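The values are calculated or read from the model by the stated rules, or taken from the named source; none is laboratory data. Because the structure is predicted, anything quoted here is derived from the model rather than measured. With ideal geometry, Cβ positions are generated from the backbone for all residues, glycine too; neighbour counts draw on all protein chains shown. Surface areas here come from the heavy atoms of the whole protein model, side chains and all, with no ligands, DNA or RNA. Shrake-Rupley method; radii C 1.70, N 1.55, O 1.52, S 1.80 Å.
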Amino acid sequence: MLLISELGEETFWAEIADLDVPANPPEFVEISKDEIHPTDHDLLEPGNVFYWCIGYEDSPGGQRRRVSEIRL
């Protein structure tokens with residue numbers, strides 16, 4: 001589970017848990033509000049849950065990019 005814990009002016013802090021290895025302890029991260037679509041900024045509230053998918057995207061030409069998607 002990823003839980004918003006605190007809001008700043010330009011960033012927010014969240015407690016994140018590793019869903020692949022649940023035995024890992026939770027971590028706290030600071031995320032820029034720029035990562036969130038402006039229409040979703042009103043959903044940034046302490047206690048709200050969000051999803052953060054991090055992975056790779058391979059292009060047909062063979063290029064690999066690291067991608068990150070946050071959904072509220």
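What the table below lists for this structure:
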{"item": "More than 12 Å apart - percent of Cα-Cα pairs taken over the stretch 1-43", "result": "63"}
{"item": "Residue-wise HN-Hα coupling along the stretch 32-48, computed from phi with Karplus coefficients 6.51, -1.76, 1.60 (Hz; x: Gly, Pro)", "result": "5, 5, 4, 6, 9, 4, x, 5, 9, 4, 5, 8, 7, 9, x, x, 6"}
{"item": "Hydrodynamic radius of the chain per Kirkwood, over alpha carbon pairs, in Å", "result": "13.4"}
{"item": "Heavy-atom SASA rank of Asp58, Asp34, Asp40 (probe 1.4 Å, accessible area, largest first)", "result": "Asp34, Asp58, Asp40"}
{"item": "Under the Karplus curve 6.51 cos²θ - 1.76 cosθ + 1.60, θ = phi - 60°, whole-Hz ³J(HN,Hα) for the stretch 6-18, x wherever Gly or Pro sits", "result": "7, 10, x, 5, 10, 9, 9, 10, 9, 9, 10, 10, 7"}
{"item": "Leading residue at positive end of dipole, the chain (Cβ point charges), from Leu44, Asn24, Ile54", "result": "Ile54"}
{"item": "Two-decimal ratio, the stretch 33-72, of alpha-carbon radius of gyration to 2.2 N^0.38 Å", "result": "1.51"}
{"item": "Net dipole in debye of the chain [+1 Lys, Arg Cβ; -1 Asp, Glu Cβ; about Cα centre; nearest 20]", "result": "340"}
{"item": "Stretch in the chain that is longest and holds no GluC sites (Glu not before Pro) that DSSP places in a loop and that have at most 14 other beta carbons within 10 Å", "result": "11-72"}
{"item": "Area of Leu3 that stays accessible when all protein chains are in place (1.4 Å probe, Å², to 10)", "result": "50"}
{"item": "Solvent exposure ordering (accessible area, 1.4 Å, most first) of Asp42, Asp20", "result": "Asp20, Asp42"}
